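See below for the structure under consideration.
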Amino acid sequence: MQLTPTSTIWMDDEFVPWDEAQVHVLTPSLHYGWGVYEGIRAYATNEGPAVFRLHDHLKRLLDSARVYLMDPGYTVDRLADSSLELLRRTGLDSGYLRPIVYLGYGAMGITPDLNSVRTTLAAWAWGSYLGEKAEQEGCRLTVSSWQRNGINTMPPLAKSTGACVNSSLAKVAALRAGYDDALMLTPTGHVAEASAANLFVIRDGVLHTPPVSDYILPGITRDTIMTLARDLGLTVEERSITRSEIYVADEAFLTGTALEVVPVASVDDRPLASAGCGPLTKQLRDAFEDVVHGRDERYRHWLTHA
């Protein structure tokens, strides 16, 4: 999706104009992928813009930084305050926030200079991730030939910039083959996740989703959907899933901050029983929309107003 510039970006405690938010071409994170990031959404509500689960996302950012031996020098609360101020300055009613922690210019080599940590926060308007057709009719997925990064290859619990090349290879191959996205498998043949989203499969009224041990990023939207499902009286099981189980599923959907909740229409050209947005998927997506737009009082603690 193309970026629409806003007025300002926060860089190391300073607000700078969008076009002046630059780093040197020899910044080592560009060369070696040593950086961590988050994706966070803000939504329009009757009380103004509100960021969804802001503190949870920023805590995960700092956890990711710790995995990669980086200390940004900011607390969750400090980054949250800066994120809200950034939203106010950009004037966005809704949008996407991108915090990133990376290494600054001054050294080069495969061994990173961990004393040169920099932090940036940007925000912009961002609409449908997979497109309106996929959101309404369901997305078409294919199982990728690229395996998901293993736990002894790169730490999947951390959102790192370098690890995204794995997802990008799978996504590009899927798009070139005519699909909307790809499902990635573990070395044991179990489904991990899509290129940038978690997977849920519904069979006989029960929600199934791959466990953390199957190399997934434990998504915050994933956690939100599991909470909403259980509060609605549905059963949620975290367990390993094979690709053939998805072929015969009643329903399936993807979750993630960027794409939110998107139904699955088919996998490897095999239509699911619902062939799109099934009844439980719709119920959970509607519940999610009520939560993020502030229409459900029970979950207002997940919203932070700018």
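Laid out as a table, the results:
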item	result
In degrees, nearest ten, helix 54-67 long axis to first principal axis of the chain (Cα)	70 degrees
Rg to Rh quotient for region 132-292, alpha carbon positions, Kirkwood Rh	0.93
Of (i) 14.5; (ii) 15.3; (iii) 17.7, the label for mean projected area of the Cα convex hull in nm² derived from the coordinates	(ii)
Label-point gap, in nm, between residue 26 and residue 12 - each point 7 angstrom along Cα→Cβ	1.6 nm
Average Cα contact separation per residue, region 1-160, under 8 Å, 6 or more apart, as relative contact order %	32 percent
Hypothetical label at residue 114: residues of region 138-153 whose amide nitrogen lies under 19 Å (7 Å Cα-Cβ projection)	152-153
Fully extended contour minus Cα-Cα distance, from residue 128 to residue 71, at 0.36 nm per residue	17.2 nm
The chain: relative contact order as a whole-number percent, Cα under 8 Å and 6+ apart	20 percent
Gain on full stretching of the segment that runs from residue 89 to residue 258 - 0.36 nm per residue minus C-alpha separation	58.6 nm
Whole-number percent relative contact order across region 255-306, with pairs defined as alpha carbons under 8 Å at least 6 apart	20 percent
Fully extended contour minus Cα-Cα distance, from residue 165 to residue 107, at 0.36 nm per residue	18.6 nm
Cα-projected label distance for residue 223 with residue 269, points at 7 Å along beta-carbon direction, nm	4.0 nm
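Values in this text are rule-based calculations from the coordinates and carry no lab data. What you are looking at is a predicted structure, and each value in this text was computed from that prediction instead of being measured. With ideal geometry, Cβ positions are generated from the backbone for all residues, glycine too; neighbour counts draw on all protein chains shown.
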